[in-house]
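*Asks:* Got a structure for you, questions after.
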Amino acid sequence: MFDLSSRISKIVFGGLLVVIGFYLFFPIYWMITSALKNNAELYQIIPTFFPHEITFSHFWSAIAESRLLVYLGNSLITSGASATINTILAIYAGYSFAKYRYAGRQPIMLFMLSAQMFPFGLLLISLYPVMTSLGLLDTRPGLILSYIVFALPVATYMLYSYFSQVPDELIDAARADGASDLRIFHTIVLPISVPPIVTVFLYSFMWSWNDLLYSLTLIVSEDKRTIGPGLLLTYLNETNADWGGAMAASLLVSLPIVIAFMFLQRYFIQGVTAGAVK
Amino acid sequence: MSRLELKDVRKSFGTTEVLKGIDLTVEDGEFVAFVGPSGCGKSTLLRLICGLDEITAGQMAIDREIVNDVPPAKRGIAMVFQSYALYPHMSVAQNMGYALRLAGTPKAEIEQRVLAAAKVLRIADYLERKPRQLSGGQRQRVAIGRAIVREPRIFLFDEPLSNLDAALRVEMRIEIARMKERLGTTMIYVTHDQIEAMTLADKIVVLNAGRVEQVGSPLELYNAPVNRFVAGFIGSPKMNFLTLGARHGDSYALPGGEIALRAGLEGATTIGVRPEHLEIVEAGRSGTLGGTLTMTEHLGSDTYAYVALPGTEDLLVVRLSGERALKTNQKVGVALDPGMAHVFAADGTMLASARPVALEAA
Ligand SMILES: Nc1ncnc2c1ncn2[C@@H]1O[C@H](COP(=O)(O)OP(=O)(O)O)[C@@H](O)[C@H]1O
Ligand SMILES: [Mg+2]
């Protein structure tokens, strides 16, 4: 092993972090500055790193764009519904995989995870005819269903890993106290599993919130369009490319998500099981 | 009345048989300790009695009612787990009242029973706290309290004190002894701690590899172990074992000397002598074993002397009472009273115990 505290490794790792940080944050920086530049500056051949003159006009026009609100609402409905259903399914599936022994448990789990190994663009090709034949094309349930298909395996696996760590003695104690299996799950296991459940919910939510491809393909109607394709088709279509507007609108619509994350992030680090055993 | 009866109880996990036919009776109000090396099946047996696992074969009865298929809560048994297993999101009061709440006990009665148990265990001031806000000893008390409020017919403890530090362990041991006096309920207690078993139990069950080796009172096991396993397991420091050499009549060669055993013992191969039945004397005294004193340990109340005998690997442990100044790395004699020797046959069964009186009793 090399020494992590040595000067050289500090410099190497520090440099690495700067590079990674740049990749992570530069796009956000570019989004913000682009949104604040006026069109003349925005389309200069040699882009400016810092806006010479700050303008909020892109933001005002984005707020005035009423379609954005419809898209935002649609995204909230599809993402909220798919994340909720997905989390509920993953909770029960994950717990069953973690704490019950039955034939076929391992194969079923592997089978579920194997769905994750295909590029999701590829799966869209087979999903499309399925949706068509089920009459789910251009419907919200269809889109929600396809999001669940993709987020469920990983969500289940995440909760499976967590539930596996719930001490068996805790469950045994409740059983000895006279609780039924479902009762144990709902009154003992669930209450101590809030942080991982919130994490899984956010993961599933992000999955559908960030989606462009599925929504763009499966939804045709304007009134059901979600925010990703909505932004794209509003600002960057065949006839014009309003980069400043796109950036300002993107920033505005990410605000609710950023705020939600700030409130929920404490769940990620909270350790609720402390004091249960030992 | 809470009498527990096991008849040829077996338990297998898949193809491995962990318990290989346990016959055992625990009388009403008795305090029974299960001891045995780690992995011998103590916890498994306790879980079967509790009803957490199903027995593979055999019969289990509580007060003459066969409970093989009765779920845990209906058996009237409460178990205290090694890891405490407190519900982390519930307060102490909620933890203790959980079983009663499930059983539909009226709220007022739950509160009153929880408070009564908490007072006895001196945790009444912590009823609103969460387990993580308690010390190890307090958590242990809550775990015991959770069992007490149910007023079970039988208490089960699975190494309840093994997570506590030495001082707290002694304190809780006394607490459990008091609880036994006060409640008079049947209790089964798994431990690997000799002192806990010897001091608390009316009856000790020695388990080894899924079988009962011996059942008896602490002193019976100490004085008249039925075989070499029990002899070596009960007592601390462990019993010394010496292989018998060439025989002349009733006299046998031993490393560094010889011993004359009781007449008529056929098939004797090994003797066992407890450290407290040996004495260090000057080298060369007749009738003693000659060896080299290699090390001493001073415990204040006792001194342990370790003697290397010629031709043996294991050091002979001699327990001397009080402070004894001994020079190490010198030749010494070890005095051995033949009447204090346990004699074992090749298969480990005991041919003669140290005290003939106790042997007749056994
Ligand atoms: N659920 C189980 N599945 C398979 N083997 C088990 C299970 N529980 C216990 N065992 C095995 O049974 C044996 C006895 O275990 P246990 O009763 O816990 O021993 P101990 O006397 O240390 O409490 C061990 O070898 C253990 O590996
Ligand atoms: Mg055990």
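*Asks:* Taking the condition of being within 11 Å of ligand 2 (Cβ to nearest atom) and more than 25 Å from residue B:179 (Cβ to Cβ), how many residues in segment B:19-43 meet it?
*Replies:* Counting residues in segment B:19-43 that are within 11 Å of ligand 2 (Cβ to nearest atom) and more than 25 Å from residue B:179 (Cβ to Cβ) gives 5.
Results for (1) under 13 Å from the mean Cα position of the chain (by Cα); (2) assigned to a loop (DSSP other than H, G, I, E, B), shown as yes or no for each residue.
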position	(1), (2)
B:146	no, no
B:150	no, yes
B:204	yes, no
B:207	yes, no
B:214	yes, no
B:221	yes, no
B:230	yes, no
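*Asks:* Turning to a different aspect of this structure: Search segment B:50-91 for residues being β-branched (Val, Ile, Thr) and farther than 15 Å from residue B:146 by Cβ, and hand back the single one that is farthest from ligand 1 (Cβ to nearest atom).
*Replies:* It comes out as B:66.
*Asks:* Of B:47, B:101, which residue is among the basic types (Lys, Arg) and within 16 Å of ligand 1 (Cβ to nearest atom)?
*Replies:* Answer to the selection: B:47.
*Asks:* Which ones in segment A:165-219 are among the hydrophobic types (A, V, I, L, M, F, W, C), away from chain B (no Cβ under 14 Å), touching a Leu at 6+ places or on another chain (Cβ under 8 Å) and surrounded by fewer than 21 Cβ atoms within 10 Å (Cβ to Cβ)?
*Replies:* Within segment A:165-219, A:198, A:202, A:212, A:213, A:216 qualify.
Let's see how each residue does on (1) assigned to a loop (DSSP other than H, G, I, E, B); (2) under 32 Å from the mean Cα position of the chain (by Cα):
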{"site": "A:10", "(1), (2)": "no, no"}
{"site": "A:14", "(1), (2)": "no, yes"}
{"site": "A:18", "(1), (2)": "no, yes"}
{"site": "A:21", "(1), (2)": "no, yes"}
{"site": "A:28", "(1), (2)": "no, yes"}
{"site": "A:32", "(1), (2)": "no, yes"}
{"site": "A:40", "(1), (2)": "no, no"}
{"site": "A:45", "(1), (2)": "yes, no"}
{"site": "A:49", "(1), (2)": "yes, yes"}
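*Asks:* Pick from B:160, B:131: which is crowded, with 24+ Cβ neighbours inside 10 Å, within 14 Å of chain A (Cβ to nearest Cβ) and within 19 Å of the chain's Cα centre (by Cα)?
*Replies:* On inspection, the qualifying residue turns out to be B:160.
*Asks:* Being of a type outside the set (Val, Ile, Thr) and either part of a helix (DSSP H, G or I) or within 14 Å of chain A (Cβ to nearest Cβ) (or both) is the filter here, so list the residues in segment B:33-46 that pass it.
*Replies:* Residues satisfying the conditions are B:42, B:43, B:45, B:46.
*Asks:* Considering only residues that are farther than 23 Å from residue B:136 by Cβ, within 28 Å of the chain's Cα centre (by Cα) and at the interface with chain A (Cβ under 7 Å from one of its Cβ atoms), look in segment B:63-109 and name the one that is surrounded by the most Cβ atoms within 10 Å (Cβ to Cβ).
*Replies:* The selected residue is B:72.
*Asks:* Regarding segment B:172-188, can at least one residue be identified that is in contact (Cβ under 8 Å) with a residue 12 or more places away in the chain, within 16 Å of ligand 1 (Cβ to nearest atom) and surrounded by 19 or more Cβ atoms within 10 Å (Cβ to Cβ)?
*Replies:* Scanning segment B:172-188, I find at least one residue that is in contact (Cβ under 8 Å) with a residue 12 or more places away in the chain, within 16 Å of ligand 1 (Cβ to nearest atom) and surrounded by 19 or more Cβ atoms within 10 Å (Cβ to Cβ), so the answer is yes.
*Asks:* Is one or more of the residues making up segment B:13-32 on the phi < 0 side of the Ramachandran plot, within 14 Å of chain A (Cβ to nearest Cβ) and within 12 Å of ligand 1 (Cβ to nearest atom)?
*Replies:* yes
*Asks:* Within segment B:87-106, identify whether any single residue is touching a strand residue (DSSP E or B) at 6+ places or on another chain (Cβ under 9 Å), without any contact (Cβ under 8 Å) to a residue 60 or more places away in the chain and within 16 Å of ligand 2 (Cβ to nearest atom), and answer yes or no.
*Replies:* Checked against the condition, which is being touching a strand residue (DSSP E or B) at 6+ places or on another chain (Cβ under 9 Å), without any contact (Cβ under 8 Å) to a residue 60 or more places away in the chain and within 16 Å of ligand 2 (Cβ to nearest atom), segment B:87-106 yields no hits at all.
*Asks:* So which of A:129, A:153 is surrounded by fewer than 19 Cβ atoms within 10 Å (Cβ to Cβ) and either under 21 Å from residue A:91 (Cα atoms) or in the same structural domain as residue A:75 (by TED's automatic domain parsing) (or both)?
*Replies:* Among A:129, A:153, only A:129 is surrounded by fewer than 19 Cβ atoms within 10 Å (Cβ to Cβ) and either under 21 Å from residue A:91 (Cα atoms) or in the same structural domain as residue A:75 (by TED's automatic domain parsing) (or both).
*Asks:* List the helices (runs of 4 or more DSSP H) inside segment A:57-126, counting only whole elements, that have at least 2 residues being touching a Lys or Arg at 6+ places or on another chain (Cβ under 7 Å) and β-branched (Val, Ile, Thr).
*Replies:* Fully inside segment A:57-126 and qualifying: A:67-99.
*Asks:* Go through (1) surrounded by 16 or more Cβ atoms within 10 Å (Cβ to Cβ); (2) under 24 Å from the mean Cα position of the chain (by Cα); (3) not small (Gly, Ala, Ser) one by one and return the number of the condition residue B:254 breaks.
*Replies:* For residue B:254, the exception is condition (2).
*Asks:* Given the criterion under 24 Å from residue B:18 (Cα atoms) and part of a helix (DSSP H, G or I), identify the matching residue among B:55, B:110, B:49.
*Replies:* One residue alone meets the criteria, B:49.
*Asks:* Let me ask you something else. Does at least one position in segment B:179-189 carry a residue that is within 16 Å of ligand 2 (Cβ to nearest atom), outside any loop (DSSP other than H, G, I, E, B) and over 25 Å from residue B:318 (Cα atoms)?
*Replies:* yes
*Asks:* Can you pull out the residues in segment A:41-64 that are buried (at least 16 other Cβ atoms within 10 Å of the Cβ) and touching a residue at least 40 places away in the same chain (Cβ under 8 Å)?
*Replies:* Correct list: A:42, A:58, A:59, A:62.
*Asks:* Identify the residue in segment B:1-12 that is modelled with pLDDT under 95 and surrounded by fewer than 18 Cβ atoms within 10 Å (Cβ to Cβ) and, among all such residues, is farthest from ligand 1 (Cβ to nearest atom).
*Replies:* Here the answer is B:1.
*Asks:* Just checking, which of B:257, B:245 is assigned by TED's automatic domain parsing to the domain that holds residue B:332 and without any contact (Cβ under 8 Å) to a residue 24 or more places away in the chain?
*Replies:* Answer to the selection: B:245.
*Asks:* Further question: Evaluate segment A:75-97: report whether one residue or more is under 23 Å from residue A:144 (Cβ atoms), assigned by TED's automatic domain parsing to the domain that holds residue A:153 and in contact with a Gly (Cβ under 8 Å, 6 or more places away or on another chain).
*Replies:* yes
*Asks:* Oh, and also: Looking at (1) under 30 Å from residue B:101 (Cα atoms); (2) assigned to a helix (DSSP H, G or I), find the lone condition where residue A:145 falls short.
*Replies:* It fails just one condition, (1).
*Asks:* For segment A:1-20, indicate whether the set of residues that are among the acidic types (Asp, Glu) and either within 23 Å of residue A:196 (Cβ to Cβ) or free of Cβ contacts under 8 Å to residues at least 12 places away in the same chain (or both) is non-empty.
*Replies:* Yes, segment A:1-20 contains at least one residue that is among the acidic types (Asp, Glu) and either within 23 Å of residue A:196 (Cβ to Cβ) or free of Cβ contacts under 8 Å to residues at least 12 places away in the same chain (or both).
The values are calculated or read from the model by the stated rules, or taken from the named source; none is laboratory data. Every value quoted in this text rests on a predicted model; they were computed, and no experiment measured them. Reconstructed Cβ throughout: ideal geometry from the backbone, glycine too, with neighbour counts over all protein chains shown.
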